[in-house]
Ligand SMILES: O=C(O)CCC(=O)C(=O)O
Ligand SMILES: [Fe+2]
């Protein structure tokens, strides 16, 4: 199958070549991100043996983009979702457990509640996948971008690379169909367990737009624009996902998911998206989270 190269991939390849990343490592990264052997070969030929053509392609992309009027993020975020279909379902988005349904949506903060996003079997399989890998969750430091332990997030989690497991591939493809954002714009799925008393205090998922981290990293993955929290069990008590400034609380229900996007129509980060996971009062709460970026995201490049 031929490989399509877009601006971000061209840019990423050029950066790797310029910083002297060995071809072997780039091959591995590309394979990890779902490119087959033939595609990897032609991308590496382009990057390492025809670099001039790659620069030319990038210049052409930049020229085209400069002449485009539209933004580069075709988000569900940006709003078809608010027009709830008459039959209240996403007709084409079905899986073994039946159709995904839109149960409710809020304009600001932009929140969409989805029913049956995952089947029971998928929830169980995700919990099993995460179980043996669990460790104390970390948060991204707003200035440095480093992952650090923080009392505001007391859950355990297991982190996965995009496409690391067939189940994750299936769910990532579903998220692509839901949001219109290519899977490459997603960070790897995290499976999280909150034990009794554990919480994630209210926070923003987007990076501080003025912070040093964003200034340095805006070319790789860019800003976060939306989050999908998938509920893997019915938390017995407590553990709601809360948006305190909007007076909104969502009870964890197995197979449901909450999608929220935080870019306002003028391109700014929406402070109303301030949210958290309330303390679990009894039992455990399990979720899987997915963060989506404005641009293709390759974790090794971050
Ligand atoms: O636990 C929740 O309900 C929210 C999780 C969350 O905010 C996150 O993972 O970014
Ligand atoms: Fe969050």
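State whether the residues of the range 185-206 include one that is surrounded by 20 or more Cβ atoms within 10 Å (Cβ to Cβ) and more than 22 Å from residue 153 (Cα to Cα). Yes: one or more hits. Where helices (runs of 4 or more DSSP H) fall wholly inside the range 5-67, the ranges with 1 or more residues that are under 19 Å from residue 221 (Cα atoms) are 7-18, 23-32, 51-66.
Within the range 219-242, track down each residue that is crowded, with 22+ Cβ neighbours inside 10 Å and either more than 30 Å from residue 9 (Cα to Cα) or away from ligand 1 (no atom under 13 Å from the Cβ) (or both). Within the range 219-242, 221, 225, 231, 232, 235, 239, 241 meet the criteria. Contact map, the range 197-214: first residue in the same structural domain as residue 276 (by TED's automatic domain parsing) and within 14 Å of ligand 1 (Cβ to nearest atom), second residue assigned to a helix (DSSP H, G or I) and at pLDDT below 80, Cβ cut-off under 7 Å, separation 6 or more or different chains; pairs are 207/213; 207/214.
Residues in the range 142-201 that are in contact with a strand residue (DSSP E or B) (Cβ under 9 Å, 6 or more places away or on another chain), in a loop (DSSP other than H, G, I, E, B) and under 23 Å from residue 8 (Cα atoms): 160, 162, 181, 187, 188, 189.
Every residue, every condition in (1) within 14 Å of ligand 2 (Cβ to nearest atom); (2) within 17 Å of residue 296 (Cα to Cα); (3) at pLDDT 90 or above, yes or no:
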| site | (1), (2), (3) |
| --- | --- |
| 147 | no, no, no |
| 156 | no, no, no |
| 172 | no, yes, yes |
| 177 | no, yes, no |
| 195 | no, no, yes |
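Evaluate the range 257-280: report whether one residue or more is more than 17 Å from residue 188 (Cα to Cα), more than 15 Å from ligand 2 (Cβ to nearest atom), at pLDDT 95 or above and over 12 Å from the mean Cα position of the chain (by Cα). Within the range 257-280 (the criterion being more than 17 Å from residue 188 (Cα to Cα), more than 15 Å from ligand 2 (Cβ to nearest atom), at pLDDT 95 or above and over 12 Å from the mean Cα position of the chain (by Cα)), the answer is no, since none of the residues qualifies.
The values are calculated or read from the model by the stated rules, or taken from the named source; none is laboratory data. Owing to the predicted nature of the structure, the values given are computational and were not obtained by experimental measurement. FYI the Cβ positions are ideal-geometry reconstructions off the backbone, even for glycines, and counts take in every protein chain you see.
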